[in-house]
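A short write-up of the structure that comes next.
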Amino acid sequence: MPLAATASDSNGTITNVVFRVDGNVVNTDTTAPYSFSAPGLANGTHSATATATDNGGASTTSTAVSFTVGTTNPPPTVSLTSPTANQNFAAGAAVPLAATASDSNGTITNVVFRVDGNVVNTDTTAPYSFSAPGLANGTHSATATATDNGGASTTSTAVSFTVGTTTNPPPTVSLTSPTANQSFASGAAVPLAATASDSNGTITNVVFRVDGAVVNTDTTSPYSFSAPGLANGTHSATATATDNGGASTTSTAVSFTVGSSGSTVWRVNTAGRITKNGTVFPVRCGNWFGLEGRHEPSSDATNPSGAPMEQYIGNTFWANGGAGTGRTIQQTMQEISGMGINMIRLPLVPQTLNANDPQGTGSVLKNHPSVRIANSRLALETMITAAAANNIAVLLDIHSCSNYVGWRKGRLDARPPYVDRDRDNYDFTREDSSCAATGNPAGVTRIQAYNTSLWLDNLRTIAGLGTQLGVDNIIGIDIFNEPWDYTWAEWKSLSEQAYTAINAVNPNTLIFVEGNSASAGNQDGTPDTVSQRPHGNAATVPNWGGNLFEAGANPLTIPKDRLVFSPHVYGPSVFVQSSFMDPAQPQCAGLEGDDAGDAKCNIVINPTLERSGWEEHFGYLKDQGFGMVVGEFGGNLDWPLGQASIRDRNRYSYLTPGADATWQNAFVDYLVSKGIEGCYWSINPESGDTAGWYGHAYDPVSNTAGWGEWRPFDQRKTNLLNRLWGR
């Protein structure tokens, strides 16, 4: 098998290129052109990469390329593009024949055109075409046969056409929006859209009808209209196309609902796939956050060290000299839908549900007045209904016990000390805040007491939001984000109580359950009595929320068709794990986090080692047929640069960016191999650890005023997600 690569260095020279097949080194070439013929590969599918190293020691690995050995010659593909089905030509006219053809592993040698089974032309070069003269009046059939350089051939589907007929064939029309059984929020304008064409003329108009009544006539393509003011209930839409000869065709009627109250049934099938009304729903999900609360700097003029709950929209009051950016929730919904997203995970906290919480309304909000939403509860409801109007499912996530305590919590009644209490060059500790009514350290001055009873009440409230808002796009509830401080037995009991509470309100939604971590009891009021939790091989430590090691032996008493396991998994831009340490630095063995950076430890991503951890932490459950959607994964591809914090930039300045990109690619490879789906963190770019799918004007060094101003999608992350989604 011939392997070849090109390599260059902008500020030096290439010292070598290492070729790998299936991860194994097969050759090292030190001179250009870089190439090698790999003998003796087994029959089957393989993967090849090339890693170039320059004279400064920096290296880059190419995108992996899959190839096969020992397979048969796949036939070419061919499609007849002219004539079109039922096209009519004048008597005596030369009929244009045209086809496209391609071959996945070779070249096209010729395309043979036939009319009524008789060869009329053989074309050896693209574009493949011929004008067939002298055809008799009547109906004919055309085909194109493509042959490749290996002798394999394929014949196109036959296309019928007529010569010299006098009747006007009717146009064709298809309603593309709404889709069958689609639901829309009460009061939403329902988008109607259709495609129409005419084989022997032009379309003069397309008439849209709802429940038999004309709502719009469109005379130009694209044919579309938004129908406002439809009553709650079930409706039927059609589109009628008329051509320039007066012939018309009406599309098949499509049913849809407005103000639905939960008619969609979400389930998990026996293969572990999520279904919507019995049809597999391929999860293409991203996190879009803000309503769970953020930590304002202590220097903020209006809300120092506050915790405002406001959905990030990409349109702040200071952008463009106060004019804003113009971005809206609807614009982003349309853009992410166009990029493939069909589900968003929306984090919230108990305080989000209170329309009068001072951190969710008033002067603490920073979105531009043109898009500012009056309070956090209304913002949550707005996001859900906007998603429904764009046919996007919503996973609601109780992200913390408090908008102040935030991500630190590992239990419902979390209390200090928290893991970030001793961080250097850091303005965002919360040692003054607690979710516990009792057992708090002396430094706690803010208590937002939370417990099982309040949590179950919150779950019932959000389980009923679909009915309240007249939507049925709430796919499930992520019952508590990263419950890392519980034992599995404790978390199992709470999860089962959560299912009972949610099911009593909404039996059509799914229960998303995360894992715990490698320890428990850190935040229960006795921080000196921490217990270590089983997670398999000590060489790999699960992320918070990523440990489902005990779920197989001690399963949840929740119906399998209602349960989705939802671990969280991150690479070095979020937390430097001990499994990332370079084996060539024995002094770094077992170090993690800031300690690894302080010791100037190299970061080496070993996909085989990481995969073994993912497998025993949660992957094995997928093999048992459980539903599984990774609730959070992602990262800063430019770490420790890009949007990384100043403290990370300083601590890891000795590293070359690329480790997190290597980790993300390895994790996506694993997800694809297992058939596991996931929600990328995050769509919006305001995450300090991970940045976002959207770009960000913000830079922690050169442009702090760019915070909250979005830029186009990061193509590298688009490529990563498309690979995960099979697009």
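Here are the numbers for this structure:
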{"read-out": "The range 354-371: number of residues that are under 21 Å from E709 (Cβ atoms) and crowded, with 16+ Cβ neighbours inside 10 Å", "value": "6"}
{"read-out": "For K492: the one exception among (1) in a helix (DSSP H, G or I); (2) closer than 17 Å to D397 by Cα", "value": "(2)"}
{"read-out": "Single residue of the range 391-404 satisfying the filter (assigned to a loop (DSSP other than H, G, I, E, B) and in contact with a Pro (Cβ under 9 Å, 6 or more places away or on another chain)) that is modelled with the lowest pLDDT", "value": "N391"}
{"read-out": "Entirely in the range 183-286, the strands (runs of 3 or more DSSP E) that have 2 or more residues that are of a type in the set (S, T, N, Q) and under 30 Å from the mean Cα position of the chain (by Cα)", "value": "223-227, 254-258"}
{"read-out": "Single match in T526, T500 (criterion: surrounded by fewer than 21 Cβ atoms within 10 Å (Cβ to Cβ) and either in contact with a Pro (Cβ under 7 Å, 6 or more places away or on another chain) or not in a loop (DSSP other than H, G, I, E, B) (or both))", "value": "T500"}
{"read-out": "Every residue from the range 93-128 that is assigned to a strand (DSSP E or B) and within 38 Å of the chain's Cα centre (by Cα)", "value": "A99, T100, A101, S102, I108"}
{"read-out": "Segments classed as strands (runs of 3 or more DSSP E), wholly inside the range 1-77, with at least 1 members that are within 30 Å of T145 (Cβ to Cβ) and of a type in the set (G, A, S)", "value": "65-69"}
{"read-out": "Of all residues making up the range 269-304, the number that are in contact with a strand residue (DSSP E or B) (Cβ under 8 Å, 6 or more places away or on another chain), of a type in the set (K, R) and surrounded by 19 or more Cβ atoms within 10 Å (Cβ to Cβ)", "value": "1"}
{"read-out": "W266 closer than 30 Å to E431 by Cβ and either modelled with pLDDT of 95 or more or exposed (fewer than 15 other Cβ atoms within 10 Å of the Cβ) (or both)", "value": "no"}
{"read-out": "Every residue from the range 246-263 that is at pLDDT 90 or above, surrounded by fewer than 17 Cβ atoms within 10 Å (Cβ to Cβ) and either aliphatic (A, V, I, L, M) or in contact with a Phe, Trp or Tyr (Cβ under 9 Å, 6 or more places away or on another chain) (or both)", "value": "A253"}
{"read-out": "Set L637, L621: member being within 28 Å of F549 (Cβ to Cβ) and in contact with a Leu (Cβ under 9 Å, 6 or more places away or on another chain)", "value": "L621"}
{"read-out": "Elements of type helices (runs of 4 or more DSSP H) in the range 586-674, at least 1 residues being aromatic (F, W, Y) and on the phi < 0 side of the Ramachandran plot", "value": "607-614, 620-623, 659-674"}
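Conditions tested, residue by residue: (1) surrounded by 15 or more Cβ atoms within 10 Å (Cβ to Cβ); (2) modelled with pLDDT under 95; (3) in the same structural domain as V159 (by TED's automatic domain parsing).
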| site | (1), (2), (3) |
| --- | --- |
| A91 | no, yes, yes |
| V95 | yes, yes, yes |
| A99 | yes, no, yes |
| S104 | no, yes, yes |
| N121 | yes, no, yes |
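The values are calculated or read from the model by the stated rules, or taken from the named source; none is laboratory data. Just so it is clear, the structure is predicted and the values come from calculations on it, not from any experiment. Every residue, glycine among them, receives a Cβ derived from its backbone with ideal geometry; neighbour counts consider all protein chains shown.
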